[in-house]
Every structure is written in structure tokens, then in C-alpha cells.
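Chemist: The following block contains the structure, expressed as C-alpha cells.
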Amino acid sequence: MTLRVGVVGGGQLARMMIAPAVELGVEIRVLAEDEGMSAALAATAVGDYRDAETVLAFAREVDVITFDHEHVPQDVLAALVDAGVAVHPGPAPLGVAQDKLVMRARMAELALPQPDWAAVADATHLQAFLDEHGGRAVVKTPRGGYDGKGVRVVTAATEADDWFAALAEDAGGGSLLVEELVDFRRELAQQVARRPSGEVRAYPVVETVQRGGVCAEVIAPGPRAEERVRLVAAEIGVAVAEGLGVTGMLAVELFETSDDRILINELAMRPHNSGHWTQDGAVTSQFEQHLRAVLDLPLGSTDAVAPWAVMINVLGGPATGTLDERFAAAMAAQPAAKIHTYGKAPRPGRKVGHVNVIGDDLDDVVYVARAAASFFD
Ligand code: ADP
């Protein structure tokens, strides 16, 4: 009998599960927020993922529920579990990904390496943390941040006044997360897949380059990531996956500090932008692997198929009015580049696609990827 996966969320991550689902012979259905979303190529229901009845009705048509984002509320997840639905990742690990304060507390319990941090309920607490950490720190809203929104470097506690006020108003209280400002050499990301029955596989650690808080480029494997860094990153990834009981794909964003430590920045429990290179650069793409993992099928090899892979995100911008023409021009100019498009309208700063290039020589691979991506500048 054909296995059926239901993906809550209709964005590009759900869309990119469709091709491997077809290849694996898995039926994929999507619960999208709106009509015409990126993943509407699959059988799509439109409905509110915050409404338990809507999600339960969607879940009745499939064998397992998974997600393209981490925003499904805990009461909806609980209703699914109570109804006997297989939910991967489950409510407990998802709860850790939904709240950066919960995440920091769980990483501390697991004794995993991370920046100094504190939960601060007001400006006085924040100032105390600043005073202990050289007068600079990073303040984060625990919930709902993405692409650098909800992350702010501050040198005075008053710089977070608006966030404290918003917390008091929207959430009826609560705390902000404050972290030491990490002096990092570079940012890395570690992907791990884990099945409900326990099998885990780690991908090679990658280097991620952020611009304006958004992931711009990924190089796989992380250049100059010596054996020690690769092993430590993989160990951390597996420890998080096993410690939290993650099922499906996990991405652990990491800092490599200038004094050679590897610290956890944040977690994502789904396919992740830092793993898009695997579509063309690994034996098993993260999207295929996610489907295998949530269906508890044997995991595929995470080996790279070439010495280097580079991924560059394509963002919408003022110049990308004629996106289809630009994609075609990039294809014509750089036939070695693999072009991935999300079927999204090009608003400024919005991720609308990416380019993957693999090869033997890193300089060549970077050159071809940037040349292809330059059609969207
Ligand atoms: P988001 O949830 O928006 O992706 P992150 O917590 O990943 O937010 O932070 C976004 C970026 O801000 C990181 O990729 C990193 O460049 C920078 N950053 C986050 N936390 C710290 C920190 N403690 N020290 C230094 N830089 C940080």
C-alpha cells in the first residue's frame, strides 16, 4: 500500500519534498496557509494550521504528519497525538524549536556547548547581564523570530525597551533571551536525520554565510573544517537529535569561535536552508531523507557525491520583476549550475529559489555558482 505523508505548511520546504516523494512512491499532501502557495503542486488543502479541527481532518487522510515550519501550536499537536496520529517530529522536540529560551535550557540540561545566556524579564536584569559581559550582548525574542528578525545586538538595556513592552502586551509577561556576543570565526551548520526507531545519520558539516541576517551562501563540506571540527559538529548534532528525540531532519546552527570552540546557535527540526546543497551534492537529499525518516524507512547515505558543493540563495528584489527570464538566462550562461525555483512572487528580500553547483575545485564551484546567481542581483 502506498504510504501517505501530510505536510503542514505550503512553503518551499514542502514543495521540495514533492519530487523525492514521487521518486519514492510516497503520496504527499499539503495543508497550505493560502491558495497558490509554493507547494500547491501537490494535492493541497487550504486551512489554518492553528485550528485543531482543520489539522485533524487533514491528518485523517494520511499516515504521518510532518511540517514545513515549526509554528503549529502545542494544543494542536497534542490533539493530533491524542487522536493517534503519527506526528514527526513530535510535540516535545518541536516545543524546543519553538522557543529559544526552552532551547537554551534543554541544551544546558544536555550539557551541550552554547554561548552564555540568561532569561531576562526586565531592563534591570538585562543591564546586569551586559555589565557581566563587557557591555555588549545579543537580545532575542524567544518566539517567532526568523531570518535575523527578533535578534538585536545591544550595548544598553534601554535598546530592548520596545521588546519588553511588546512581551508585556502580547504575551502577558515573560522574558527575553540574552546571549553573550560570540566572537565567531564563522558559522557552521550540522544536519542530522533520525528515525523513530532510532537510526541516525549525520551529513558533512557545512559553512554558512549570512547577509543581513539571511543565509546567503553555503559551502559543503565546510572548507578548512579539520577532522576535529567535523567530528565535534557531528557529535553535537547526534546528541541533540537523540537527546531531544527528534524524528526527521534536524539542523543545528553552530558558531566556530575564534578560540576554537563549537557552540550551538539554534535548531531547526525540518529540512533547512543550510541543507539545500544535498539536492545535488549528496547521495540522499535532505528532502528525501526527511520523508524516509518520518516514515521510519531506512535512511539513505549522507555522503557527498563530489568534493565540493556550493548553494547560493536567490532573493527577490527590485530587479527581479521578470524572474522566469532571469532563471532562463542563468541556465543558458551556466549549464553546470542546478537552478531550483520556488514558484513564488519576487518580493524584495524574499527567498524565491537557489542555485547549486558541485565540482572538484572549490574556486571553480564558487565562481560558477556566483555567476549563475548574479542574474538575480
Ligand atoms: P534567526 O532565528 O532569525 O535565524 P539566529 O538566532 O539564528 O536568528 O541569529 C541570526 C544571526 O545573528 C546568526 O546567524 C548570527 O550571525 C547572529 N547571532 C545570533 N546570536 C549571536 C550571538 N550570541 N553572538 C553573535 N552573533 C549572533
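Each reported figure results from applying straightforward, stated rules to the coordinates on display, with no laboratory input. Worth saying up front: this structure is predicted, and the values here are computed from it rather than measured. Please note: Cβ atoms are built from the backbone with ideal geometry, for glycine as well, and neighbour counts cover all protein chains shown.
Chemist: Within the chain, which DSSP H helices have Cα atoms that stretch 24 Å or more along the helix axis and a mean Kyte-Doolittle hydropathy of at least -0.5? Don't skip to the end; give the middle numbers.
Modeler: Working: long enough: 227-244 (25 Å, 0.88).
For the chain, where a helix must reach 24 Å along its axis and average at least -0.5, the hits are 227-244.
Chemist: Count neighbours as other Cβ atoms within 10 Å of each site's Cβ, and list the trypsin sites (Lys or Arg not before Pro) in region 105-151 that are DSSP loop with at most 13 such neighbours. It would help to have the intermediate numbers written out before the result.
Modeler: On the way: sites: ARG106, ARG136, LYS140, ARG143, LYS149; in loops: ARG136, ARG143.
Filter output for region 105-151: ARG136.
Chemist: From the phi of every residue in region 255-267, what ³J(HN,Hα) in whole Hz does the Karplus formula 6.51 cos²θ - 1.76 cosθ + 1.60 yield, where θ is phi - 60° and glycine or proline is x?
Modeler: Taking θ as phi minus 60°, the curve returns 9, 9, 7, 5, 9, 6, 9, 10, 10, 7, 8, 8, 10 Hz for region 255-267.
Chemist: Taking a threshold of 18 Å on the Cα-Cα distance, which of the pairs LYS100/LYS344; LYS100/LYS351; LYS100/LYS140 fall above it? Mind showing how you got there, number by number?
Modeler: On the way: LYS100/LYS344 29 Å; LYS100/LYS351 23 Å; LYS100/LYS140 8 Å.
In this structure, LYS100/LYS344; LYS100/LYS351 lie more than 18 Å apart at Cα.
Chemist: Compute a Gaussian network model of the chain, connecting alpha carbons closer than 10 Å, and tell me which residue from ARG15, ARG270, ARG326 fluctuates the most.
Modeler: ARG326
Chemist: Hey, another quick one. Using a Förster radius of 41 Å, what is the FRET efficiency between GLU109 and GLU35 based on their Cβ-Cβ separation? Nearest 0.05, please. List each step's numbers first, then the result.
Modeler: Details: r = 43 Å, r/R0 = 1.04.
Efficiency, rounded to the nearest 0.05: 0.45.
Chemist: Also: Send over the per residue convex hull volume for region 120-191, Cα only, as a whole number of Å³.
Modeler: Numbers: hull volume 7.2 nm³, N = 72.
With only Cα atoms used, region 120-191 gives 100 Å³ per residue.
Chemist: Specify whether the C-alpha gyration tensor of the chain places it in the rounded, prolate or oblate class, a ≥ b ≥ c being the square roots of the eigenvalues: rounded for a/c under 1.5, otherwise prolate if a/b is larger than b/c and oblate if not. Display every interim value, and only then the final one.
Modeler: On the way: a/c = 1.40, a/b = 1.13, b/c = 1.24.
Rounded is the answer for the chain, as its axis ratio a/c remains below 1.5.
Chemist: Suppose we take every Cα in region 38-157 and form the convex hull; what volume per residue is that in Å³?
Modeler: Once divided by residue count, the hull of region 38-157 is 141 Å³.
Chemist: I want the antiparallel fraction of DSSP beta bridges within region 182-330, as a percent rounded to 5. Please report the intermediate quantities before stating the final value.
Modeler: Working: 32 of 32 bridges.
So the antiparallel bridges amount to about 100 percent of the total.
Chemist: What whole-number distance in Å separates the alpha-carbon centres of region 283-360 and region 31-99?
Modeler: Between the Cα centre of region 283-360 and that of region 31-99, the gap is 25 Å.
Chemist: Hey, what D do you get for region 242-343 in µm²/s if you plug the Kirkwood alpha-carbon radius into Stokes-Einstein at 4 °C and 1.567 mPa s? It would help to have the intermediate numbers written out before the result.
Modeler: On the way: Rh = 16.2 Å.
Answer, rounded: 80 µm²/s.
Chemist: Could you work out the pair-distance distribution P(r) of region 49-106 from its alpha-carbon pairs, with 10 angstrom bin width and percents rounded to whole numbers?
Modeler: 24, 55, 18, 3
Chemist: Another one. Calculate how many DSSP beta bridges within the chain are antiparallel, expressed in % of all such bridges and rounded to the nearest 5. Write down the numbers at each step before the final one.
Modeler: On the way: 57 of 72 bridges.
Of those bridges, close to 80 percent are antiparallel.
Chemist: Okay, helix-only estimate at 222 nm for the chain: each DSSP H run of n ≥ 4 adds -39500 (n - 2.57), divide by all residues, round to 500 deg cm²/dmol; what do you get?
Modeler: Values: 12 runs with 122 residues, N = 377.
Calculated from helices alone, the mean residue ellipticity at 222 nm is -9500 deg cm²/dmol.
Chemist: What ranking of TRP308, TRP277, TRP163 emerges when the number of other C-beta atoms within 10 Å of each C-beta is taken as an exposure proxy, fewest first? Spell out each step's value before the answer.
Modeler: Working: TRP308 22, TRP277 32, TRP163 17.
Fewest to most other Cβ atoms nearby, the residues stand as TRP163, TRP308, TRP277.
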